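Let me begin by presenting the structure, written as structure tokens, before commenting on it.
Bear in mind that the values in this text are calculations on the coordinates, not laboratory data. Since we're looking at a predicted model, the values are computed, not measured. Cβ atoms come from the backbone with ideal geometry, glycine included; neighbour counts cover every protein chain shown.
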Amino acid sequence: MTLPQKTKISVALYVMAIITLSLMLLTMMFLKFSINGAAVGKTITLNGPWKFKTGDNQQWAQSDFNDSNWESINLTAPAGAHDGDVGLSGYVPGWAARGYPTYSGYAWYRMKISLDSVKKNSIALAGPPAVDDAYQLFINGVLSGSAGDFSGKVPITYSIQPRMFLLPESTKKENYITIAFRVWMSAATSGQAPDVGGIHIAPELGEKSSVESKYRFQWEQTIKGYIVEIVEPVIFILLAISLFLLFRSQQPPRSCKWFILALVLLAFVRANQAIYCWFQIESAHQYDIVTTILLRPLILGCWLMAWWEWYELRQPKWIPSIIVILTLIYMGTQLLGLPWVSSSMNSTFFQKMADNTRLLFVPLMLFIIYRGFLQQERKEWLVLLAILLVSVGLFAQEFAQLHIIPGIWFPYGVGVSTTQYAYAAFTLVMYIILIQKSRKVFVAVYPER
């Protein structure tokens, strides 16, 4: 005999909730207990002083170039300093905080290094794992590696990943080598933060085995830093399935298409963050198109429609049209606000328009919630908590400006954003709501049970 429909749906919701909670706990265990030892062996951290100059000239790669009149900078980080994303140690501010606040384009870093303390059977360099936005590495004037595509007039940039470069065989005969980094930062990055520009974490030089250990450690930290972006999409999809199962069982079946679409889009944008950082199948411009121009506006529009649908509102009829118009305006201003789209337009003006358009979603969402809450006979207070939690994630940059709570936390030395915590809490609250609703639904539909 098959289980009654009530039992099937209830069991499915509980199973989904247990899987979700288990995934969260396993993720925290992975962050805490995965192997994360420091690099084995001796490496030389190339903190400097580096010779630094903005501009571009291929002659600056040559070992015999006279850089005595260049500026000297030091990449030594304060104790405990780390990047604000995944938690890589040794982070220092870029050139925007060193006297070049509005500069974008090329800049060069040069250093002459003694190899006396390095075994010369196999020498390697761990490239800087945090750079705005791309770089080429020259050893004694010879191009030895890069991060980014420099084949065109304007470099194509990707996410910066940990990299390891083997030094040319010719360096085994040398007592000194000259290392030069040709760094490119796009105008789109300039202004994003007060400390952008150039190298943020010093490269390291040493025997191949030691550098390889450092390289693997940096990659492990990078994987750990974005693992939540893979787990949360799975959790969102499970929640979408749970919603579909419950709402379909109601008599008559209740629509939840906008809620499911909002969850699916949110899952995609979170997963795309990890995909962008791990696999480099998207350039920075492609990422802007997918995430900044398309997904973020669509997600906001879908979530407003999701709450409109959740409360089963019918009036005022113009609300869905306003949501569509706002979403399209937000898309358009996001597009025109990107500096690389057109050099003839004032991208700063359009970016401010995009920010202001984004803020208009807030009062519209509050109006929808207010109308929906008023018409409920039995007030769903937990739904208000769920709305607050998902809104913390959707409007993360606005919440960060309030300086109420940090934008990112570093449990076990790995960056986990407030957005990620808020989405996790939202998911758990939603399962409580759905389980409560399932009981009410089946009391109404199957009173004899």
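Observations
- 5 angstrom amide H check on residue 88, placed H, neighbours 5+ away: 83
- Once the C-beta distance of residue 85 and residue 385 is scaled by a Förster radius of 22 Å, the resulting FRET efficiency is 0.15 to the nearest 0.05.
- Shape call, the stretch 303-350: gyration tensor on alpha carbons, a/c limit 1.5: prolate
- Base-10 log of normalised Debye intensity for the stretch 47-202 (one unit scatterer per alpha-carbon) at q = 0.15, 0.17 Å⁻¹: -0.79, -1.03
- Over the chain, the fraction of Cα-Cα pairs per 10 Å bin, rounded to whole percents and listed from the shortest bin up, is 4, 18, 26, 22, 15, 9, 5, 2, 0, 0.
- For residue 153, a cut-off of 13 angstrom between C-alpha atoms picks up these aspartates and glutamates, skipping any fewer than 8 places away in its own chain: 56.
- Cα-centre dipole for the chain with unit charges at Cβ (Lys and Arg positive, Asp and Glu negative), debye to 20: 1280 debye
- Bridgeable lysines around residue 214 (alpha carbons under 24 Å apart, same-chain partners fewer than 8 residues away excluded): 32, 42, 112, 119, 120, 172, 224.
- Between 0 and 90°, nearest 10: helix 5-33 axis offset from the chain longest Cα axis: 20 degrees
- Scaled against 2.2 N^0.38 Å for its residue count N, the alpha carbon radius of gyration of the stretch 150-264 is 1.80.
- With Cα atoms, 0 to 90° folded angle of helix 228-248 axis to the chain main axis: 10 degrees
- Angle of helix 418-445 to the longest C-alpha principal axis of the chain, folded into 0 to 90 degrees and rounded to 10: 20°.
- The 3J(HN,Hα) values that the Karplus relation (6.51, -1.76, 1.60; θ = phi - 60°) gives for the stretch 145-160 are, in residue order, x, 7, 10, x, 10, 9, 6, x, 5, 10, x, 9, 9, 10, 5, 7 Hz. Gly and Pro appear as x.
- Label-point separation, residue 432 to residue 176 (7 Å along Cα→Cβ), nm: 6.7 nm
- Taking other residues whose beta carbon is less than 14 angstrom from the beta carbon of residue 136, and scoring Lys, Arg as +1 and Asp, Glu as -1, yields 0.
- Dipole-positive endmost among 135, 350, 45 within the chain (Cβ charges, Cα centre): 350
- Using θ = phi - 60° and Karplus 6.51 cos²θ - 1.76 cosθ + 1.60, couplings along the stretch 171-187 (whole Hz; Gly, Pro as x): 6, 5, 8, 9, 8, 10, 10, 10, 9, 10, 10, 9, 9, 10, 10, 7, 5
- Counting Lys and Arg as +1 and Asp and Glu as -1 over every other residue whose Cβ lies under 12 Å from the Cβ of residue 184, the net charge comes to -2.
- Bridging of residue 437 to lysines at a Cα separation below 26 Å is possible for 6, 8, 257, 379, once same-chain residues fewer than 8 apart are set aside.
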